[in-house]
Structure formats: C-alpha cells, structure tokens
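Right, one structure below, let's go through it.
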Amino acid sequence: MGRDPEHPAMTTQHIPPLEPTKTWSGRFSEPVSELVKRYTASVFFDHRMAAQDIRGSLAHARMLARQGILSGEDLADIERGMAQIADEIARGAFQWSLDDEDVHLNIEKRLTALVGDAGKRLHTGRSRNDQVATDIRLWLRETIDQILRLITAFQRRLLDVAEAHADTPMPGFTHLQVAQPVTFGHHLLAYYEMARRDFERFTDCRRRVNRLPLGAAALAGASYPIDRVSVASELGFDELCRNSLDAVSDRDFAIEFCAAGALLMTHLSRLSEELILWMSPRVGFIDLADRFCTGSSIMPQKKNPDVPELVRGKTGRVNGHLVALLTLMKGQPLAYNKDNQEDKEPLFDTTDTVIDTLRIYADMIGGIQVNPGNMRAALAQGHATATDLADYLVKKGLPFRDAHEAVALAVRAAEERGLDLSRLSLDELRAALAKVPGAAERLAEDALAAISIEGSLGARAHIGGTAPDAVRAAIAQARDELNAQKEA
C-alpha cells in the first residue's frame, strides 16, 4: 500500500490483522481478500471528516445519556476517549487502518481500545448509514461557509478594480466582434453579478444540507427512545430529515452543491477566457502579475497565463464530478447502497478545486494591470458607436428601421475610406446617409458628440447601464450588499 500524502502514518505497517478487528467477522467463514479490502475501503479519503465524525458521535452519546440509554460513566469515558483521539489526529499520531475501512470504524475501534465497553456502546441506536450522512452534511456545511466567505472576498476585489476603472472605455463584444462602448468597470460588474448568483445558490443549498439524518439508523429508524431534536440542536441543524429511508439514501444535497460549484467554475472559466484574450499582445488590454504566469522552456520571451488556463481546464473536471454524482444516483433503489461511498471523492475534489480557485482568483484580479490606451484604441476599430448614430436619428424623428439602414450605408462608406465611423466629418456623414430619405437633413452639429465614446457611454445612465455614474452607483449598491452579507 502506498503512503497517503495527507496522512504519512497511514501505511501497511499500521494495519492490524483482519479478524480481530472486523465488526461483522462473526458472520463470515473467511476473511475479506486484500484486493477487496483495498477496493472497498474509503478511509484514504473520508478521514477528512474525522472532526465531524467525532462531533456527531459526541452529540449522539450525550443524547443517549440524557435518554437513559447510556450511563453517565460510559458518557464520561466516551468524551475522554474522543478528546484523546481528536488530539492524536491533530498531531498526526493517529494510526489509520485499512482493515477498519472507513473513518467511522477507525475512530470507533480506537475509542474501544481506549475506554473498553463504553466505546462498544456508542453505536447504540445508529448505523453507519445515518452516521456517514450526518458527517458529510456537517463537513459540507462548514465547507459552504468557507466558500461563501471566499466568494465575498472575490467580489470585493472585483469591485475595487471596477471602481478604479468605472470610466475606462473599452469595446463591448458580441460574437467576439466590436459591438458598443462599455467601461472596464461595467464589464467587471457582470462577473460580480455572476458571483452574486453563486453566493445565493450556495446559501440556498446550505439550507437543504443543514438537515439531520442521524436517528434514521440503517433505514427504518431506531427502536430506542432517542431524541433527534436535541441532537439537531446541539449540532446546529435547522431541521430533521423526516423520512428514515430518504435520510440515509439522499444525496441530492451533494449533487446540488456540485451543480453550484460547476456554475461558479463556469463563470470563472468565462472570465479566464477573457483574461487570456485580453493579455494577448495582439489585444493588450491587461497584464497579469508575474506570479500567476510561467515562461517557456524554449521561447525566452513568453509569458503564459497558466492560472486562467488551468481554471478553464479544472472547470471541466468539476463539471465531470457533477455528472458522476448524477449517474451514481440515477439507478439506486431505496435505501442505502454501497454505491454511495463513491459520492465523497467527487464531492471532496469539487470543494478543493472551488476553494483553491477562489483563493487564487481574488489575488489575481486584484493584481491586474489595465492598459486604457489599448482599450480606447480598439474602440476605433469596428464602428462601436454606429448604434448611437441610429439612436440619434430616431430621436430626431426618423423611424428606427430607416435609421438602421442609413447608418449601415454610412458604415460601408467609412470602411471604403479606411476610417472608423466616428472619424467621419459631419459633411461626410450627411453624404453617406443621403440614400435614405430624411436621414441626412436630420444631422446637426450635436451628432458628432452623440457618436463619441464619451457620448455613447454617458447616454446610458439608467440602472444597469454603462455610463460611469451608473457604474459607480452600481458599485456603491454592491458594496452595501456585501456589507449586509458579512453581517448576516
């Protein structure tokens, strides 16, 4: 067996013999083969839920004691033993055993070794089925809280850069063609909105995660006079899972979490694609700090945007985990099945990827260097204010379809001269519009201001518009939202 990088102590030399430790060994006439042990074991990845397993077990033990199912002496022994186990795990001294196959049995066997029969009594009134469902919900709830904090940090960085460039004009694109002027700040606010929806999704997902399955036992509930409500209160759950069959077999919350993670990564992948394009010397809108880039082993001039590229790649990985969980669940009859062991690795990897990506992205966005001159120069290629000229003609009384046709003819005339539409003089514009009746005579001196970059931006001063004042107002509103998120 190889060495677990997170738990160096987990090697074959620490695996005790099978028969004395196997919980159900009395039922079988031969030991499980080494291959099957390795194939079915989950301790190599579910040990990360150790803290949640201990916490859930302590809440269960205290409830058993309150209900008179467990003696006060046994409870004291369990609490003492669990404290030692938690300390051993924290110090890296806990010896994880493959024969005990998962985090739950490893901890229970160590507890029994430390406190004797009290450790054997801990499992009264529960099953590993409701135990693991509880552990994973506790673990995922803490993970979601961490992700929510990281989303907020990312949003703040976006707002900082957006505010600094609320009036920095750049081309807005559709079909990767120059469409209309926007500001860089306005563009970044689009990603703020995506992150806001991500925050809402994870918050909503957390409500369904935060339901207690403990007490469902294997599938039918417990025959002891347990008090599930008190356990839920101690562990901070908002609700109980109301059906024992569903409680142990439900993994909707994990799928929902991975769906939220896939959407968040998709948003960051879209931003990554833009950063990669903007950083290209042919575009030159922005530059990334050197710490997020690498060079080439052969081309000494290269500065490659490796981090955004990896975000694109890792998004496919997270999307794959979502599909894996959906496929895992689609054919399972009620109630618990061993298939569900396969829920953890996709879930754990999704959380690791999302958390690492958010951490690095907040830093990377904050360190962007913007090249306003290149952004403005790009607006001179593509007739970005053509729509503004059409709007001007409409405001002067020309029907929109006629205005659209007239401006299209003007764009063609500008291209024939090798100029951007905004570079034509008033007389040249009138000549270009002359083929559409009523168009040319509606042009006045104020038309040139209307089709300037500043005129185009300033005209869109409504909520959600690209005018610098509207962008600043949106940033102020966003900061108020983030402050409210923090208080909540």
* Hey, with R₀ at 60 Å, roughly what FRET efficiency would R412 and D204 work out to, going by the Cβ-Cβ distance, to 0.05? -> 0.75
* Quick one: putting +1 on the C-beta of Lys and Arg, -1 on the C-beta of Asp and Glu, what dipole do you get for the chain around its Cα centre, in Debye to the nearest 20? -> 280
* In the structure shown, do any of K120/K330; K109/K330; K395/K435; K314/K486; K37/K344 have a Cα-Cα gap over 25 Å, and if so which? -> K120/K330; K109/K330; K314/K486
* Linear extension gain, Q301 paired with T124, 0.36 nm per residue minus alpha-carbon span -> 57.0 nm
* Peptide ranges 55-62, 419-426 listed from the most packed, as the mean C-beta count within 10 angstrom indicates -> 55-62, 419-426
* Asked: So what's the chain giving for Cα Rg divided by 2.2 N^0.38 Å, two decimals?
  -> 1.34
* Asked: Given 0.36 nm per residue, what is the gain on full extension from D290 to E88 after removing their alpha carbon distance, in nm?
  -> 68.6 nm
* To do: Could you state the angle between the C-alpha long axis of helix 72-91 and the longest principal axis of the C-alpha atoms of the chain, as a value from 0 to 90 degrees rounded to the nearest 10?
  => 50
* To do: Pairs of Cα atoms under 8 Å, at least six residues apart: use those to get the relative contact order of the chain, whole percent.
  => 15
* Please give the helix 128-164 orientation as an angle from the longest Cα principal axis of the chain, in degrees from 0 to 90, rounded to the nearest 10. => 20
* So for segment 139-285, what are the equivalent ellipsoid semi-axes in whole Å, largest first, each being the square root of 5 times an eigenvalue of the Cα gyration tensor? -> 46, 15, 10
* Asked: Percent relative contact order of segment 240-318, based on C-alpha pairs within less than 8 angstrom and at least six residues apart?
  -> 32
* Asked: Just for the chain, what percent of DSSP beta bridges are antiparallel, to the closest 5?
  -> 80
* Taking 0.36 nm per intervening residue step and subtracting the Cα-Cα distance, what contour gain separates A190 from R479 on full extension? -> 102.6 nm
* Structure fact -> In whole angstrom, the spacing between the Cα centers of segment 208-287 and segment 447-478 equals 39
* Which loop trypsin sites (Lys or Arg not before Pro) in segment 307-351, with loop taken from DSSP, have no more than 14 other Cβ atoms within 10 angstrom of their Cβ? -> K330
* Accessible area per residue in Å² at 1.4 Å probe, computed on the chain -> 47
* **Spin-label model distance (nm) - I355 vs R270, 7 Å beyond Cα toward Cβ** => 2.7
* What does a probe at H175 reach in segment 390-421, counting residues whose amide N is under 14 Å from the point 7 Å along Cα→Cβ? -> none
* **Cα long-axis angle, helix 50-66 against the chain (0 to 90 degrees, to the nearest 10)** => 50
* So for segment 22-159, Kirkwood radius off the Cα pairs, Stokes-Einstein at 37 °C and 0.692 mPa s: how many µm² s⁻¹? -> 198
* Could you look at the chain and say what percent of its accessible area is carbon and sulfur, using a 1.4 Å probe and all protein chains? => 52
* Per the Debye formula with a single identical scatterer at each Cα and no solvent contribution, what log10 I(q)/I(0) holds for segment 357-488 at q = 0.10, 0.17, 0.18, 0.19 Å⁻¹? -> -0.47, -0.92, -0.99, -1.06
* Structure fact -> Distance in Å, no decimals, from the C-alpha centre of segment 104-155 to the one of segment 172-187 is 49
* Dividing the Cα radius of gyration by the Kirkwood radius, what Rg/Rh value follows for segment 240-399? -> 1.20
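The values are calculated or read from the model by the stated rules, or taken from the named source; none is laboratory data. Not measured: the values here are computed from a predicted model. In this analysis, Cβ positions are derived from the backbone assuming ideal geometry, glycine residues included, and neighbour counts consider all displayed protein chains. Note: accessible area is taken over every heavy atom of the protein model, side chains too, but ligands, DNA and RNA are not part of it. Shrake-Rupley method; radii C 1.70, N 1.55, O 1.52, S 1.80 Å.
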